[in-house]
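Any read-out appearing in this document is the output of simple, stated calculations on the displayed coordinates, not a laboratory observation. Values in this document were obtained by computation on a predicted structure and should not be read as measured data. Neighbour counts are summed over all protein chains in view; Cβ atoms, including those assigned to glycine, are modelled from backbone coordinates with ideal geometry.
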Ligand code: F6P
């Protein structure tokens, strides 16, 4: 989409400069946000502002480093070791992440991490202000930067200001666990437009605004004490063409990667996630175990491959999750393995887009079963990578944003281990005509809600305000 103004995107994480320098776009993904924003920025050009990913021992002051990669200016700031630990590992990943994903028992409330969060949001604003032109459009991404819009307004920014939340917004009674819920909601009203992935999250946000502030929703604008923000749903997606090429299926085979012997009637189940407790990997392992218990005929033939990419490895909850997953893999393999057959293959590493596309291609059933997930792009990647004549089946948790539109997946409740095990078994036996019908319908959803349509629709709505 052609914008009348320069687009400024701000996110905590930005792609590493090395990713811009190399022409090879097939590096391991840095997550849905970075991939989708990058597609938008490459089309529109503009400035991308964020944390360099580096931390230093010394105190960091305001200011940024700007580098130019074609039509994109990449402006980054460093953080100190203490700031990373309080702002990113602490408040962002131990308070906001579990809160927004509705894991109240995991929410850590600490005043020092909140103060650091506010300081870093202010630092982002102070470092960004000198780089701005008055007719720029600013689009701020995700929960690390809830207060950035408010700080920019305080520093005098009067131009367009949008915000997009890449994770769920929880019910009000969960959001209010955070002692700073009211000021966070007030901060959101400094944006012109606030976007979410799903109607359910929008409903929760409006409810939280009502409970905490008691303002008023007029059409799609929420107003309170003279301020108002438009709120809307903009489901994020992928670029399906990056996963479609048939040759990936030949180049990158799971069976080669794992040295799997050719077994007649072998079936492959695949899970691909960051190693995060919201993804419900232990539940998924229990689901697989239940299938093997109930259907001994699968022995020797069924292999479940779990790719878990390392994530937030210094956060204690993630360390515990990894230990739990690895213990369970060991237990289940110990219980069921036979000569020539190990039922679970666990890969703790990241793969490139083309490798994943090849792996999806060879998979019979993809298990996308998070306990809570803002959208989940693995579900979309899997669908795009299928052979239309003989597609695999997507088993999808109802607790993902993707489930709202991908209704022709096999929709499951991952807390129900027994029910999901049976649904997965049925997915393995699904006739080809039914698989084709579902894949056609899912592919049309993936094509309709792409990364391009996501950024185009958000930027158009922001520009029109
Ligand atoms: O919003 C969630 C998200 O930003 C995803 O886009 C991405 O997969 C993940 O979080 C990355 O987290 P982090 O930047 O902490 O590695």
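Relative to the longest principal axis of the C-alpha atoms of the chain, give the angle of the C-alpha long axis of helix 451-464, reported between 0 and 90° and rounded to the nearest 10°. That helix lies at roughly 20 degrees to the long axis.
Look at where the Cα atoms of the stretch 313-346 and of the stretch 92-122 average out, and the two centres are 29 Å apart. What the Cβ-Cβ distance of residue 436 and residue 57 gives, at R0 = 60 Å and to the nearest 0.05, is a FRET efficiency of 0.55. Using alpha carbons only, how many degrees (0 to 90, rounded to 10) separate the axis of helix 32-44 from the longest principal axis of the chain? Taking the Cα atoms of the chain, the angle to 32-44 is about 60 degrees.
With the simple spin-label model, which puts each label point 7 Å out from Cα in the Cβ direction, the residue 444 to residue 4 separation comes to 3.6 nm. Taking other C-beta atoms within 10 angstrom as a stand-in for reagent exposure, 262, 321, 293, 257 fall in the order 262, 293, 257, 321, fewest first. At full extension, residue 177 and residue 216 could sit 11.8 nm farther apart than now, given 0.36 nm per residue minus the alpha carbon distance.
The residues 406, 375, when put in order of fewest to most other Cβ atoms within 10 Å, stand as 406, 375. Computed extension gain for residue 453 through residue 301, at 0.36 nm per residue and net of the alpha carbon distance, reaches 50.6 nm.
If you plug the beta carbon distance of residue 134 and residue 71 into 1/(1 + (r/R0)^6) with R0 = 25 Å, you get a FRET efficiency near 0.75. The label point for residue 464 and the one for residue 265, both projected 7 Å from the Cα toward the Cβ, are 5.6 nm apart.
Please find the FRET efficiency linking residue 258 to residue 203, where r is the Cβ-Cβ separation and R0 is fixed at 25 Å, and quote it to the nearest 0.05.
Efficiency, from the Cβ-Cβ distance: 0.05.
To the nearest ten degrees, helix 199-212 and the longest principal axis of the Cα atoms of the chain are 40 degrees apart. Beta-bridge orientation, the chain: approximately 20 percent antiparallel, per DSSP, counting only bridges with both partners inside. Net length available on complete extension from residue 85 to residue 153 is 21.8 nm, with 0.36 nm assigned per residue and the Cα-Cα distance removed. Placing a label point 7 Å from the Cα of residue 314 along the Cα-to-Cβ direction, the residues of the stretch 43-57 whose backbone N falls under 17 Å from that point are 51-57.
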